[in-house]
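What follows is calculated from the coordinates using simple rules that are stated; it is not laboratory data. Computed from a prediction, not measured in an experiment: that's the story for all the values here. Virtual Cβ from ideal backbone geometry, glycine too; neighbours counted across all protein chains shown.
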Amino acid sequence: MKRAVYPGSFDPMTYGHLDIIRRSAEMFDELIVAVLVNQQKNALFSVDERVKILQEATKDLPNVKVDFFSGLLINYAAEHGLHVAVRGLRAITDFEYELQLSQTNRMLSDGALDTIFLNTSLQYSYLSSSSVKEIASFGGDISQCVPDYVEARLREKFQSR
Ligand code: PNS
């Protein structure tokens, strides 16, 4: 059985993340989307909220599971018998960081955890969770960036501030 983990902060999930999830779910028998419990407490959404959003977004994908982890990805992967991580590349600017992350994970895991990269579909190549949060914080239109239930949660967050 081919299994993979797609780790990330997902604060919040965007259509760019969903694109990577859908495409990698077709390549693997099981895909675990793993939300990082950020050590720095600067995430807008709690882990529980981020997990719920991902569960809603993937409810039609039976081979996708949503989980969370803290600490090193290689430890989570080893505990779950996972040897492949999936990451999205939007542009060349992502490459340096992603290469460093994947090489570090290979080194730390003695080669047990490899990373494969999917290039984000062009229509989402400009999207990031940070820009979505910034646009939402100023009341801008994010309907092309995130599903409506994420948009609603973002509006709630910024109205209550
Ligand atoms: O969505 P993001 O924030 O780009 O995802 C980054 C993530 C979660 C994949 C990365 O920060 C991560 O795996 N963090 C866990 C700690 C770890 O294993 N670091 C790798 C060695 S530097």
Legend entry - Linear extension gain, Leu122 paired with Asp141, 0.36 nm per residue minus alpha-carbon span: 4.9 nm
Inset, instruction - Order by neighbour count: Lys133, Lys59, fewest other Cβ atoms within 10 Å first, most last. - result: Lys59, Lys133
Inset, instruction - Using per-residue counts of other Cβ atoms within 10 Å, averaged over each peptide, order 78-87, 97-106 from highest down. - result: 78-87, 97-106
Legend entry - Fewest-first sequence of Arg155, Arg22 by Cβ atoms within 10 Å of each Cβ: Arg155, Arg22
Legend entry - the stretch 3-122, relative contact order [Cα under 8 Å, separation at least 6], %: 30 percent
Inset, instruction - Please get the size of the charge dipole for the chain, origin at its Cα centre, with Cβ charges of +1 on Lys and Arg and -1 on Asp and Glu, quoted in debye to the nearest 20. - result: 200 debye
Legend entry - Structure-based [θ]222 nm, the chain - -39500 (n - 2.57) summed over DSSP H runs of at least 4, per residue, nearest 500: -13000 deg cm²/dmol
Inset, instruction - Could you state the angle between the C-alpha long axis of helix 15-27 and the longest principal axis of the C-alpha atoms of the chain, as a value from 0 to 90 degrees rounded to the nearest 10? - result: 30 degrees
Legend entry - Spatially close lysines, pair count over the chain: Cα under 17 Å, gap of eight or more or interchain: 6
Inset, instruction - Would you mind checking the tilt of helix 148-159 against the longest principal axis of the Cα atoms of the chain, expressed as 0 to 90 degrees and rounded to 10? - result: 60 degrees
Legend entry - Phe158-Asp48 pseudo-label distance in nm [points 7 Å out on the Cα-to-Cβ vector]: 2.5 nm
Inset, instruction - Going by C-beta contacts inside 10 Å, put Asp114, Asp60, Asp48, Asp94 in order with the fewest on the left. - result: Asp60, Asp48, Asp114, Asp94
